[in-house]
Every structure is written in structure tokens, then in C-alpha cells.
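The values are calculated or read from the model by the stated rules, or taken from the named source; none is laboratory data. Just so it is clear, the structure is predicted and the values come from calculations on it, not from any experiment. Note that we place each Cβ from the backbone using ideal geometry, even for glycine, and neighbour counts take in every protein chain shown.
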Amino acid sequence: MSYKVIIIDDEPLARSVVKEYLQKHAQLELVEECSNGFEGVKAVQQHQPDLIFLDIQMPKITGFEMLELIENPPHVIFTTAYDEFAMQAFEANAVDYLLKPFSQERFDKAISKWMEKNKTTDSKATENLLKEAARHPQQNERIVVKTGSKIKIIPVQEIHYLEAADDYVKIITAEGAFLKKQTMGYFEDVLDGSLFVRTHRSFMVNIQEITRIDPYEKENHVALLKSGAKIPVSRAGYPKLKSILGL
Amino acid sequence: MAVSPFQSKKFMVPFSLFWFVWISAHQLALYKMGLDWFTALTDSVVSNTLLIWGTWLVFTILRYYLPRKEGIFNLFLLVIVLTAAWFFAKTFIMNAIYPKNSVYMQIRNTTLPLRIGIAFLINGCVTMFAYAYYNWQEKAEADKQKTEAEKLTREAELFKLRQQLQPHFLFNALNSINALISIKPDEARKMVQQLSEFLRTTLKKEEKQWLKLDEELHSLQLYLDIEKVRFGNRLTTRIEADVDALTMQLPALLLQPLVENAIKFGLYDTTEPTQISIRAMAENNELKVVVENPFDAETSPAKKGTGFGLSSVQRRLFLLFGRNELLQTETKENIFITTVMIPQPQTINEEVQQ
């Protein structure tokens with residue numbers, strides 16, 4: 001039985017260490033090396049690896065953001081030099097990680113741990129990890145989405161509003177709408193509460209985009225945005241919106 | 001500005017009490033000498049109201065003008081002038097009320113030297129008290145400022161420690177060495193030496209210290225060489241300095257965070273090869289250093305202009321020179337440009353020599 005492995009790290013020497021340590025494990029076959037998250041997404045989709053070695057701090061998108069873009073992400077062993085925030089997230093979700101520089105022994109231990117775990121997939125851990133990682137200081141100011149084969153980085157202040165759409169959330173910006181496979185609850189957790197308000201079960205709005213709030217039907221309201229969009233404000237959402245706007 | 005004691009209850013209660021007792025005593029003394037109750041009261045009230053005004057005047061004057069040790073004689077003058085003014089004002093008022101050879105005038109004339117003496121003493125005491133009070137206040141204010149300045153220094157020191165350690169940089173560099181050991185041992189050895197030299201020069205530097213530009217550029221070069229090993233072909237650097245700028249001076253560790261910031265944005269904001277350039281020149285007797293790095297205008301909005309690294313540099317420049325405009329950033333297409341001006345006053349040269 002052989003397993004497919006991918007290394008994703010922006011530093012060539014860091015990749016070469018993993019490659020070197022992998023030589024001891026004949027059952028692990030290195031199928032590709034990637035130097036950033038964009039290449040990583042592509043490679044993972046193409047090869048469907050069993051295991052990836054993933055760095056956190058990489059150009060453009062972090063390792064966490066890369067994972068968000070992949071449906072059913074493979075097992076991951078994180079490799080990082082120093083990132084207090086990431087380490088907290090790993091510890092909290094019992095995900096294995098290697099602190100650079102690491103030894104062959106420590107590497108072997110991570111592999112055998114994975115071998116045991118491989119039989120029982122735990123996608124919940126990855127999900128929780130990503131949720132936590134979304135608060136990473138480097139990430140909480142932007143959202144990374146995939147449109148077709150392209151990857152788009154949206155700075156949060158450019159978002160007009162978010163709308164729930166089945167299993168997805170529609171992110172509306174001046175450039176158009178982008179879909180992200182997430183829940184509204186997730187964005188409510190992750191986005192800055194002083195900038196985004198959940199005005200309705202299915203809507204979250206960037207308060208800087210609001211120009212007016214009008215009454216609508218009986219006890220509801222509607223928020224008018226600069227773009228002209230009208231966002232429903234529910235009975236529960238109205239007081240939240242009022243207090244944040246300081247009305 | 002010092003606070004006037006007249007606004008505090010703690011002062012006003014004993015102050016009023018004292019004058020109440022004093023006015024009564026004054027009245028009683030005159031009564032014992034043979035004046036009637038009403039005349040004694042009139043004299044006491046007029047005399048002491050004038051003195052209270054004098055007290056208020058002393059506190060007001062000293063609030064705005066607190067003499068140093070050399071000016072203490074002025075306080076003595078102030079007491080004499082006050083006493084004289086009190087004397088003339090009181091004589092003028094009482095003369096207007098009582099006829100020339102009344103019992104009151106006789107008693108007044110016999111007690112005159114004593115009363116002038118007492119007024120002089122009271123004015124003297126009040127002045128001394130006001131002087132001590134405002135001096136104490138000034139000292140408390142200075143102490144507060146000193147504590148605050150010390151706190152800032154401590155924070156700067158802590159920050160410096162963190163800057164020096166740069167765990168992310170350090171561990172990644174060690175990881176590169178770990179990789180090189182098995183594939184290119186000679187380069188591993190070279191990198192250990194570069195890293196050691198960089199750490200040594202950084203640790204040696206003091207926040208207060210001023211360095212010549214060429215020394216600072218040398219340690220920046222070491223830093224960039226280490227980063228180049230880490231990032232391979234992706235990172236190229238260019239350091240240029242005018243000859244007359246090389247001997248100019250700058251505070252230690254001022255450029256390091258700027259270059260770190262350039263690396264961070266240049267290398268993590270694009271996936272393309274990155275060139276970091278540092279140019280130094282002399283301009284109007286100031287040292288000008290320009291750091292440039294590429295960035296992605298689309299995903300890093302301009303508000304990121306002053307990241308953490310830059311705001312700390314701005315703060316340091318302000319603490320050193322009291323000027324806020326020494327650090328400027330701008331963007332030109334996809335290049336982020338940081339410009340820092342470092343004044344070179346004569347006094348700095350003297351400090352360096354000390």
C-alpha cells in the first residue's frame with residue numbers, strides 16, 4: 001500500500017528537509033512540491049493526496065486559507081517555524097504539527113501517528129481548526145474564495161453584505177457576488193462585530209455601506225446600501241443594528 | 001498649570017476657620033484696649049479683609065510666576081509691597097470712617113508698629129506657604145512625567161528585545177541551516193557564521209546609540225543575505241548609498257524594522273520574485289533612506305501603509321526628534337516606498353563623541 005504525499009512550503013530549503021526525511025518512508029510517495037497555496041490547491045485537486053505537509057505563512061494565502069478552498073481536504077501535518085496563534089489552534093484541536101527545525105525522529109513520530117489516525121478520518125477536527133484559524137491576525141481581514149479555477153482574495157472592508165444561500169454564503173462586493181461554502185454563523189463568529197451586523201437570519205451587512213434604514217411592513221425594517229441594495233432587517237436584528245450605529 | 005488651592009475644599013475649610021478665629025481675636029484685643037464692640041469689629045474686618053485679598057493675590061501671582069532660587073529676593077519685595085499697600089488702603093478707609101481725634105485713632109496710633117509687624121508676618125507666612133505649595137505641586141507634576149517617561153523607555157526596551165529575538169526569522173533561518181547541513185555543508189557553515197554575526201551586532205546595539213550608516217548597512221546586508229538563503233531565487237536585494245551619506249549617523253536599529261516590513265510585504269504579498277531596494281543619500285544635511293518593495297495593490301489596500309513595524313518606527317522618530325513627518329510612505333503602481341529622513345544636528349555629533 002502506498003500513499004500519495006504533497007509538500008507545500010514557500011521556502012525551497014524547508015521543502016528539501018521534508019523530502020529528505022521522507023526517504024526513510026518507502027510507503028510514502030512524494031507526488032508534487034508546491035511553493036504557495038495557489039499551486040497547493042491545484043495539486044491537491046489533481047492528485048487527491050493522502051497526506052500533505054503544509055506551512056502556514058506563505059505568499060498571498062496562508063496554509064489555513066488554502067485548506068478552506070479545498071473540499072474534503074486531505075490529512076495535514078502542519079510545519080511552521082513560529083506562530084503562536086497557529087500553535088494554539090493546533091493544540092486546541094489535537095492536530096499534529098512540526099516546529100521547524102525538526103528532527104528525523106520527530107518527523108517519524110508524526111508519520112506513525114498519522115498512520116494510526118489514517119484509519120479513522122476525523123474531518124471535524126479540521127473543520128474546528130479552520131474555524132479557529134480564521135481569527136488569525138493575518139486572515140481575519142480578508143476572505144479567500146474560489147471562482148471557477150481562479151482564487152480571489154476579498155479584503156473584508158470591500159464586502160457590502162453577505163447572504164445565506166443553501167449550503168453557501170453569497171459574498172457581495174462592488175465586483176459582484178462570490179460563493180463560499182460556509183454558514184452564516186461562521187461569518188458571524190469570524191468577522192469583526194463592530195463592522196458587520198447580522199440584521200436577519202439570512203443577511204449580514206457591512207455597516208459602512210448603509211445609507212438609510214426605513215421601516216418596512218409591520219414591525220420590520222430595511223437597510224438601504226450605497227450600492228442601492230435593500231437588506232432586510234428583522235425584528236431581532238433592528239436593535240442590534242441600532243446599538244452598533246449608536247442610534 | 002498648577003492648581004489653585006482655592007478650588008479645593010481641603011484648603012478652604014481650615015483657611016476660612018483660621019481667618020474667622022483671627023478676626024475674632026483681633027476684635028477681642030481691641031475691645032480689651034477700650035474700644036466698643038462695633039468699632040473693634042469694623043477695624044478687624046477692614047484690616048483682615050485686606051489681608052485676605054493680599055493672600056489671594058499672592059497665590060494668584062505665584063501660580064503664574066514661581067521664582068527660581070535666584071528670584072527668591074523678589075518674594076521678599078512682594079511681602080514689603082503687600083504690607084505697604086495693606087497699610088495705605090486700611091488707613092485710607094478708616095480715616096474716611098472715623099474723625100481725626102477719636103478714641104479709635106488714639107488707640108490705633110499706639111498699636112500701629114505692632115500691627116504693621118503682624119501684617120508683615122502674616123504676608124510673609126502666606127507667601128512662604130504659597131511658594132512651598134506651588135513648588136510641591138511642580139515637583140509632583142515632574143515626578144509624574146518622569147514615571148511616564150520611564151514607562152515608555154521600559155516599553156521600548158521590551159519591544160527591542162522582541163525585535164532582536166524575531167523568533168519567526170530565527171527559527172526559519174535555523175531550519176534552512178538544518179536543510180543545508182546534509183545537502184551543502186559548506187553553505188550551512190557559512191550561514192551559521194552570518195547568522196551569528198548578525199545576532200551579535202544586533203545584540204550589541206543600544207537603543208540610545210547612534211551609528212554610522214555604513215555600519216548599519218553592513219548588518220542589514222547580513223540580514224538580507226540570510227533571508228536570501230531562505231527564499232532562494234525569489235529574493236534579490238539592492239543596497240546603494242552615496243559616499244557623503246555613508247558617514248552620516250542614525251539611531252541604532254531604526255532601519256531594521258523597515259526592511260523587515262519590506263520583506264514581509266514583498267515576499268508574502270506576491271508569489272513573484274521580489275526585489276527589495278535600499279537607497280541612502282544626503283539631503284539638506286539630513287540622511288534620507290528609501291526602502292522599496294513590491295506589493296499587490298488589489299489585495300492589500302493602501303490603509304495597510306503603516307503596519308506595526310512602521311508605526312513603531314514613527315513613534316521612535318517622534319520620541320527622538322519631536323517630529324511626525326520624518327517617516328513617509330507612498331505607493332507607485334505595485335511598488336511600496338518608505339522614506340525616512342534622519343536629522344543630523346550638531347548636538348547629535350557631540351553626543352556620539354561622549
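Residue-wise test of (1) within 14 Å of chain A (Cβ to nearest Cβ); (2) not β-branched (Val, Ile, Thr).
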position	(1), (2)
B:Leu195	yes, yes
B:Lys212	no, yes
B:Ile226	yes, no
B:Leu287	no, yes
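Any residue at all in the range B:168-181 that's out of contact with any Lys or Arg (no Cβ under 7 Å at 6 or more places or on another chain), away from every other protein chain (no Cβ under 14 Å) and without any contact (Cβ under 8 Å) to a residue 24 or more places away in the chain? No, that holds for no residue. Among the residues of the range A:44-72, those that are polar (S, T, N, Q) and in a loop (DSSP other than H, G, I, E, B) comprise A:Gln48, A:Gln57, A:Thr62, A:Asn72. The residue that is nearest to A:Arg15 (Cα to Cα), among those in the range B:196-211 that are part of a helix (DSSP H, G or I) and either at pLDDT 95 or above or not hydrophobic (A, V, I, L, M, F, W, C) (or both), is B:Ser196.
Of all the listed residues (A:Thr126, A:Thr173, A:Thr183, A:Thr147), the sole one being touching a residue at least 12 places away in the same chain (Cβ under 8 Å), of a type in the set (Ser, Thr, Tyr) and either touching a Gly at 6+ places or on another chain (Cβ under 6 Å) or not assigned by TED's automatic domain parsing to the domain that holds A:Ala236 (or both) is A:Thr126. The sole residue among A:Phe107, A:Phe90 that is away from chain B (no Cβ under 14 Å), within 23 Å of B:Pro167 (Cα to Cα), crowded, with 16+ Cβ neighbours inside 10 Å and not small (Gly, Ala, Ser) is A:Phe90.
Among the residues of the range A:33-71, those identified as among the aliphatic types (A, V, I, L, M) and either more than 14 Å from A:Leu129 (Cβ to Cβ) or more than 11 Å from every other protein chain (Cβ to nearest Cβ) (or both) are A:Val41, A:Ala43, A:Val44, A:Leu51, A:Ile52, A:Leu54, A:Met58, A:Ile61, A:Met66, A:Leu67, A:Leu69, A:Ile70.
Residues that are more than 11 Å from every other protein chain (Cβ to nearest Cβ), out of contact with any Cys (no Cβ under 8 Å at 6 or more places or on another chain), modelled with pLDDT under 85 and assigned to a loop (DSSP other than H, G, I, E, B) do occur in the range B:234-253. Against the numbered list (1) touching a helix residue (DSSP H, G or I) at 6+ places or on another chain (Cβ under 9 Å); (2) aromatic (Phe, Trp, Tyr); (3) part of a strand (DSSP E or B), A:Tyr186 comes up short only at (3). Report whether or not A:Gln157 is part of a helix (DSSP H, G or I), within 18 Å of the chain's Cα centre (by Cα) and closer than 22 Å to A:Leu130 by Cα. The answer is yes for A:Gln157. Residues of the range B:209-231 that are surrounded by fewer than 15 Cβ atoms within 10 Å (Cβ to Cβ) and either within 21 Å of B:Thr270 (Cβ to Cβ) or touching a residue at least 40 places away in the same chain (Cβ under 8 Å) (or both): B:Gln209 alone.
Looking at the structure I just gave you, is A:Glu188 over 29 Å from A:Gln57 (Cβ atoms) and not hydroxyl-bearing (Ser, Thr, Tyr)? So A:Glu188 does not fit the description; no. Set side by side, the residues A:Lys113, A:Lys109 differ, and just one is touching an Asp or Glu at 6+ places or on another chain (Cβ under 9 Å), assigned to a helix (DSSP H, G or I) and either touching a residue at least 24 places away in the same chain (Cβ under 8 Å) or farther than 22 Å from B:Ser176 by Cα (or both), which is A:Lys113. Candidates are the residues of the range A:8-32 that are assigned to a strand (DSSP E or B) and farther than 18 Å from A:Lys113 by Cα; the one that is farthest from the other protein chains (Cβ to nearest Cβ) is A:Val31. Condition check for B:Leu77 on (1) surrounded by 13 or more Cβ atoms within 10 Å (Cβ to Cβ); (2) closer than 18 Å to B:Ile118 by Cα: one failure, at (1). Across the range A:160-183, what is the total count of residues that are under 21 Å from A:Asn128 (Cα atoms), among the aliphatic types (A, V, I, L, M) and in a loop (DSSP other than H, G, I, E, B)? Residues meeting the conditions: 0.
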